[in-house]
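Q: Right, I'll just put the structure down here and ask away after.
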Amino acid sequence: MKTPSPIRLLSAQLANQIAAGEVVERPASVVKELLENSLDAGATRIDLEVEQGGVRLIRLRDNGVGIAREDLALALSRHATSKIQVLDDLEAVSSLGFRGEALASISSVARLTLTSRTPEQSEAWSVRVEGRDMEPSLQPAAHPQGTSVEVKDLFFNTPARRKFLKTEKTEFAHLEEVVKRLALSRFDVGFSLMHNGKTLYQLKPALTEMEKERRLSQLLGGHFLEHALVIDMQAEASGLRLSGWMSRPTHSRSQPDQQYFFVNGRIIRDKVVNHAVRQAYQDVLFNGRHPAFVLFFELDPATVDVNVHPTKHEVRFRESRLVHDFIYRSLYRVIADLRPQDQVVSAS
Ligand code: ADP
Ligand code: MG
C-alpha cells in the first residue's frame, strides 16, 4: 500500500516558477507584462531593446511614476501590487495589471534587474535577482525619473521550458506583435523597439488624426489605412461606444491576422465579439475571407470581468446580448452605408 507523503509548503521560488508557467510562456509574454506595467505607471514614453528574439535580453525603460526605494524589493514578490487592495477594487479595475504576479514570475525564471527613481527621490535605486531564493539587495544607480527593467537569459534555470522556445525569428515575431498591440491601444504614448541593435519602430505620441493614421500605417502597412472605413458609434442609453477603423468589404484578407479589438483599452479575444463581427460582414465577404480592423470598444468597467485568465486576454460581459447586438449593428451600419439599398438598419 502507498503511504502518504508529508505535506510541505512550497518555497517561494518554486511557487513563483509554477505561477510563471501561466504568465511567462516566451519573451513576448515578458514584454507584454513589462509594457503593461509601464502604461499603468503613466509612462508617456517607452523604449524597448531586445537581443536574440528577447531570449538573451529584454531591456525596457519608461518615464512613468517610478517605484520608491522601499518598495523595490516588494515589487518583486508575489501578490504584491499597488493597483488593488480590496475585492471591490477588482470590480472596477482600470489598470492593465492587478495580480501582482508578473515581476515575481519573471524574476523566478530569468536574471532580472529593476532600477527606478520617483520624482521625490534625488537618486535612483536598483534591485537584482537571479532566479534564486535570495533577498534582493539594493544598490544606488544612475537613472532619470521612471523605471528600467532588464531581463536576461530567460529560462536559464528551467531548461525544460527553454526547450519550448522557437527560433529567434519566431520569438521576435511574437514579441513584435505584442508591441504592435500595445502601440495601437495607446496612441498617446511614444514607443520604440530595437532588435539586435537595429531600430524597427520609433513611434512618437500620436494625438491628431493625422498622427494616428501615420502610426496605423507604420504598424499595419499603408494598405490597411487605404482600405479602411472610420467608425464611431455610441449608444446613449447603455453608454457603449465603438470606434476605430474597419476594412472595406472589398479589402478582405486570407488570414485573420489584422484584427485588433480593444475593450476599455485592453486587447481581447472573445467569442461574442467574433460572432458579432462575422455576422456584420457575412453578406459582403466570401467564405474563408477575413476583415481587418482596429476597434476600440468602451463600456462601464463594472459590467465586464477581466479577471478570467492570468494573461487577461479573455473577458466576460455581464450583458453579452446587448454587447453583441451593439457591435453587430454598429459595424453593419457602416457597411450598409456603402450600399444604399441596405440603409434600413440603424445602430441605436
Ligand atoms: P501588477 O502589475 O499586477 O501589480 P507586477 O508584478 O507586474 O504586478 O508589478 C508589481 C508592482 O510593481 C506594481 O503593482 C507596481 O506598483 C510596480 N511596478 C512594476 N513595474 C513598474 C513600472 N514600470 N513603473 C512603476 N511601477 C512599477
Ligand atoms: Mg503587471
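Q: Using beta carbons and a limit of 6 Å, which pairs, at least six apart or on different chains, have the first residue in the stretch 24-37 and farther than 13 Å from ALA110 by Cα and the second one within 12 Å of ligand 1 (Cβ to nearest atom) and at pLDDT 95 or above?
A: Within 6 Å, the pairs are LEU34/LEU60; LEU34/VAL149.
Q: For VAL149, state whether it is surrounded by 15 or more Cβ atoms within 10 Å (Cβ to Cβ), in a strand (DSSP E or B) and not aromatic (Phe, Trp, Tyr).
A: So VAL149 passes the test.
Q: Considering the stretch 69-98 alone, what residues qualify as being in contact with an Asp or Glu (Cβ under 8 Å, 6 or more places away or on another chain) and over 14 Å from ASN37 (Cα atoms)?
A: Scanning the stretch 69-98 gives ALA73, ARG78, HIS79.
Q: Taking only pairs six or more apart or across chains, which ones have beta-carbon atoms under 9 Å, a first residue in the stretch 76-103 that is surrounded by fewer than 13 Cβ atoms within 10 Å (Cβ to Cβ), and a second residue that is acidic (Asp, Glu) and assigned to a loop (DSSP other than H, G, I, E, B)?
A: Partner pairs satisfying both residue conditions: HIS79/GLU101; ALA92/ASP300.
Q: Also, I was wondering about something else. Among the residues of the stretch 59-83, which ones are within 15 Å of ligand 2 (Cβ to nearest atom), at pLDDT 95 or above and either closer than 20 Å to PRO27 by Cα or outside the structural domain of PRO140 (by TED's automatic domain parsing) (or both)?
A: Listed by number, the residues that qualify are LEU60, ASP62.
Q: Identify, by number, the condition in (1) under 17 Å from VAL151 (Cα atoms); (2) touching a strand residue (DSSP E or B) at 6+ places or on another chain (Cβ under 6 Å) that ALA75 doesn't meet.
A: (2)
Q: Within the stretch 25-42, can you find the residues that are assigned to a helix (DSSP H, G or I) and within 10 Å of ligand 2 (Cβ to nearest atom)?
A: Correct list: LYS32, GLU33, LEU34, LEU35, GLU36, ASN37, SER38, LEU39, ASP40.
Q: Now, a different point. For the list (1) within 11 Å of ligand 1 (Cβ to nearest atom); (2) crowded, with 20+ Cβ neighbours inside 10 Å; (3) within 16 Å of SER192 (Cα to Cα), I need the number of the one condition that GLU36 fails.
A: GLU36 satisfies every listed condition except (2).
The values are calculated or read from the model by the stated rules, or taken from the named source; none is laboratory data. Keep in mind the model is a prediction, meaning the values are calculated, not measured. Please note: Cβ atoms are built from the backbone with ideal geometry, for glycine as well, and neighbour counts cover all protein chains shown.
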